[in-house]
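Quick notes on the structure that follows.
The values are calculated or read from the model by the stated rules, or taken from the named source; none is laboratory data. If you're wondering where the values come from, they're calculated on a predicted model, not measured in any experiment. Counting neighbours? That spans all protein chains shown, and the Cβs are built from the backbone with ideal geometry, glycine included.
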Amino acid sequence: MLRPRNPLTRIRLAAGFPRAADAATAVDCSYIHLINVERGHVNPSEALVLRMARAFKVSEKRVRAAVRAAQRAMLKRKLQAVA
């Protein structure tokens, strides 16, 4: 199996959630919203960051860093598509 490039996806997988739908249920948000957060399309609320940290058994700081990394990667892809 390939290692996902997205750090938030890696955190989710390491926490034992191979399906995003299962993780979304655990953090009490919709599957689509979780995928959009993982891809860097939307900012998670503070409450969602807390729930993700608890469910994935990592620090809030690590979740926030992974979200920022996903957002940077998304912006990089958009800029490359324009250039």
Are any residues in segment 1-16 in contact (Cβ under 8 Å) with a residue 12 or more places away in the chain and over 12 Å from the mean Cα position of the chain (by Cα), and if so, which ones? ALA14, ALA15
Are there any pairs, at least 6 apart or on different chains, whose C-beta atoms fall under 8 Å, with the first in segment 40-64 and free of Cβ contacts under 8 Å to residues at least 24 places away in the same chain and the second in a loop (DSSP other than H, G, I, E, B), and if so, which? LEU48/CYS29; ALA53/SER59
Every residue from segment 40-83 that is more than 11 Å from the chain's Cα centre (by Cα), more than 18 Å from PHE17 (Cβ to Cβ), among the aliphatic types (A, V, I, L, M) and modelled with pLDDT of 95 or more: ALA47
